[in-house]
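The values are calculated or read from the model by the stated rules, or taken from the named source; none is laboratory data. All values derive from a computational prediction rather than experimental measurement. Please note: Cβ atoms are built from the backbone with ideal geometry, for glycine as well, and neighbour counts cover all protein chains shown. Note: areas computed on protein heavy atoms with side chains; ligands, DNA, RNA excluded. Shrake-Rupley method; radii C 1.70, N 1.55, O 1.52, S 1.80 Å.
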Amino acid sequence: MKRLFVLLPLLVLAVAVSAQTTGISGTVTDAETGLPIVHAKVHTMCGMTYTDSAGHYLLNLRPGAYVVTASAMNYEPAVYPETVVVVHGQVTEHIDFALKPQVGGELGAIAGTVTDMETGKPIPHAKVSTRCACALTDSTGRYTLRGLRPGKYVVVACAQGYEMAVYPDTVVVEPGQTVEGIDFALKPMGGGQCGAIAGKVTDEKTGEIIRGAIVVAKGNGIVRQVTQCCSDYKIGNLPAGRYFVGASAPGYEPGSYPDSVEVVVGQVTEHIDFALVPQGGGQTGGITGTVTDEETGKPLFGACVVAVGQITARANTSLEGVYAIRNLPAGTYSVTAKARGYEPSVPRDVEVVAGQMTEDVDFALKPCTRQKPGAISGVVTDSATGKPIFAACVFAWGPSGQGCARTDSFGGYVLRLKPGPYLVRCHARGHYPAVYPDTVTVVENETVPGINFVLSPGRPQFGGIAGFVYNGYEWGEIYGAKVMAIGPNGSFETFTNEHGEYLFDGLEPGDYRLEVTAQGYAQELYPDLLSVEPDDIASFASPAVYPLTGIEDAAGFNPVTTRRISASPNPVRNTATVRWEVPLAGHVRLSVLDNTGRVVRAIQNGFQSSGQYSATWNGTNDRGEQLPAGVYFYRLETPMCQELEKVVLAR
């Protein structure tokens, strides 16, 4: 992972905190000495940042209510004692932390260099890490891991376009000493028998690097990679041959390189660059806000917010209750919110202005049940040590509502809930998440004790991603959904279990995007870019997907605003002509789906070059039988997009 740690001088920080900034700020200090802690991590479920040389931080956030946590190497983590409310256009200041030092002796360090195994040249921006520290190499390939407690360490190095390497011996750190000569010679991907493609993906208007853009190389199979912060991309380990390359990013029109790209063994084909155009050409806007419980004021996860106007669009809230609906043409929209266990909101008329996000469109939903709440309680411990886990998150979700609580310093929690059955989940930094094996039934005015979790520590030097996939309209967990994690060195896939849970383990550090595919649901790209760090599982990355079943009645369904498929006439009585565009050469499917999402006719299924195409459909299925009158959908699937077009078949 190429992460740029920026130390902000006080002057720069003062300039950054302006009336246009929305977020939180404060300081992180040593509880014993009062001195500032540099590179302390301050984070919520929606963002994170690091302190500067004076211990100050500024974290940009959308309006909403947040649980804020601070952590630093060799210090006990801390959770801010109150929920922090962020208001549009304001910075909530003095969210300060005084962290307690962990028990231990004088600190030491590890140092060395990272070079290319074949050329011997230094590799800048390579990442070297242990279970509790990381550093980037400079222009000479040198790194230093500082602030290490005495003990034994496994040291790992990785860089884009190279195979990850683990130092062959355990490194012993003595108090006050620096262990020199912990050097790495990284092997280029493919062992020199392959080539690579490199370039950059930028915003056409600003020229800035687009962090988290997905670059696709189509040749001997599809290879995907996510661009990192402030750096070019490099797709390595490619067999020699010609490739079609494209790039896409949320909020931008996809782009394809105009010519095929030749990959040569042992070489990097450079300057395969993309300048992506913002969707709508800057002529679209959006709506953002929060959804909370009217009685408690706490944020609601998974609430579905629908905007109906010139188009219909939707989004679901994060764990902090924040949502954002983007790429809306200017105009007036009727906006509503609904959540599991709550009464739907009254529609609100919201004006969307081109080039702007209309903020603070907030909803407070009433619980459906008026019964007095009950509670669940328990403790969360570490499986390896048996010690309590501080600040673990326990989340309960069921037909009656939801609730979230953090554990105290003894690992205990109490979570108040409306009566009803719940599925309870638990996650904590540096540990694998867990689901309580049985449904927990909450009774009015009673506490269900003993809902305990024993979490396993994550693998040293590796990271992961975990969460669950759910129906964005009906809130049921989805079994068997395919989840793909696209990162700095390619893509990985897994499938959800009976609880909708998925887990990626052993991921190299870097930025990742999640793509979800499930039968009967539209393909979805998780809106947030996920940062994977060593010795941590990025938990509660929980994508919502939207069913194709009953699409004409599913409030909030919006295929896309930029059409690459069209058909006429509509309604269809005899035959219709379907026209589609392929932005990037590759495997293309064009299918006809019925109103349950089932494929009834395959019109195109094979390789197509980029360009314009057309075909006719006479209202029959794959067996040549006439289909009954009703609502159907054309679905176009290309390497760069998936789109739906509604059609009515009349008889």
Set the Förster distance to 41 Å, then compute FRET efficiency between Arg573 and Val346 from the Cβ-Cβ distance, nearest 0.05.
-> 0.50
With a Förster distance of 60 angstrom and the Cβ-Cβ distance between Val172 and Ala330, calculated FRET efficiency to the nearest 0.05 equals 0.40
The stretch 254-292-the stretch 379-400 distance, computed between alpha-carbon centres (Å) | 40 Å
Lys646-Arg370 pseudo-label distance in nm [points 7 Å out on the Cα-to-Cβ vector] | 3.7 nm
For the chain, dividing by residue count, accessible area per residue (probe 1.4 Å) in Å² works out to 43 Å²
Enclosed volume per residue, in Å³, of the convex hull spanned by Cα atoms of the stretch 245-323 | 150 Å³
Exposure rank, largest accessible area first [Ser318, Ser491, Ser53, Ser139; 1.4 Å] | Ser139, Ser53, Ser491, Ser318
Sort the stretch 31-122 into rounded, prolate or oblate with this rule: let a ≥ b ≥ c be the square roots of the eigenvalues of the Cα gyration tensor; rounded if a/c is under 1.5, and if a/c is not under 1.5, prolate when a/b is larger than b/c, oblate otherwise.
-> oblate
Cα centroid distance between the stretch 148-209 and the stretch 510-544, in Å?
-> 24 Å
FRET efficiency for Thr33 and Ala185, Cβ-Cβ distance as r, R0 = 56 Å, nearest 0.05?
-> 0.85
Can you list the lysines whose alpha carbon sits under 22 Å from that of Lys482, skipping same-chain ones fewer than 8 residues off?
-> Lys218
In the stretch 290-404, how does Rg compare with the Kirkwood Rh, expressed as the Rg/Rh ratio over alpha carbon atoms?
-> 1.10
Along the charge dipole of the chain, Cβ charges K/R +1 and D/E -1, which of Thr496, Ala40, Gly236 sits furthest on the positive end?
-> Thr496
Would you mind getting the Kirkwood hydrodynamic radius of the stretch 62-183 from its Cα pairs, rounded to one decimal in Å?
-> 16.9 Å
Once His88 and Glu493 are pulled to full extension, the length gained, defined as 0.36 nm per residue separation minus their Cα-Cα distance, is 142.0 nm
Take Arg623, Arg370 and sort them by solvent-accessible surface of the protein heavy atoms, 1.4 Å probe, largest at the top.
-> Arg623, Arg370
Estimated translational D of the stretch 85-125 in µm²/s (Stokes, Kirkwood radius over Cα pairs; 20 °C; 1.002 mPa s) = 132 µm²/s
Given 0.36 nm per residue, what is the gain on full extension from Asp360 to Val414 after removing their alpha carbon distance, in nm?
-> 16.4 nm
Rank-order 389-397, 288-296 by packing density, defined as the average count of other C-beta atoms within 10 Å over each peptide's residues, highest first.
-> 389-397, 288-296
Write down the percent of antiparallel bridges among all DSSP beta bridges whose residues are both part of the chain, to the nearest 5.
-> 85 percent
Between their Cα atoms, which of Lys298/Lys418; Lys387/Lys418; Lys121/Lys152 are more than 19 Å away from each other?
-> Lys387/Lys418; Lys121/Lys152
Stretched fully, the stretch from Val454 through Arg211 gains (0.36 nm per residue minus C-alpha distance, one decimal, in nm) 83.9 nm
Rounded percent of accessible protein surface that carbon and sulfur make up, the stretch 124-275, 1.4 Å probe | 47 percent
Could you tell me the distance between the Cα centroids of the stretch 472-487 and the stretch 39-105, to the nearest Å?
-> 30 Å
Of the candidate values (1) 83, 70, 47; (2) 103, 71, 52; (3) 77, 64, 44, the one computed for Cα extents along the principal axes in Å from this structure is (1)
Could you give the alpha-carbon Rg of the stretch 347-424 over 2.2 N^0.38 Å, rounded to two decimals?
-> 1.60
Taking the stretch 385-440, the equivalent ellipsoid from its C-alpha gyration tensor has semi-axes in Å, biggest first, of 21, 12, 9
Projected-area mean, the stretch 388-503, by convex hull of Cα positions, square nanometres | 8.3 nm²
Mean residue ellipticity at 222 nm from the helices of the chain, using -39,500 (n - 2.57) per DSSP H segment of n ≥ 4 over the full residue count, to the nearest 500 deg cm²/dmol?
-> -500 deg cm²/dmol
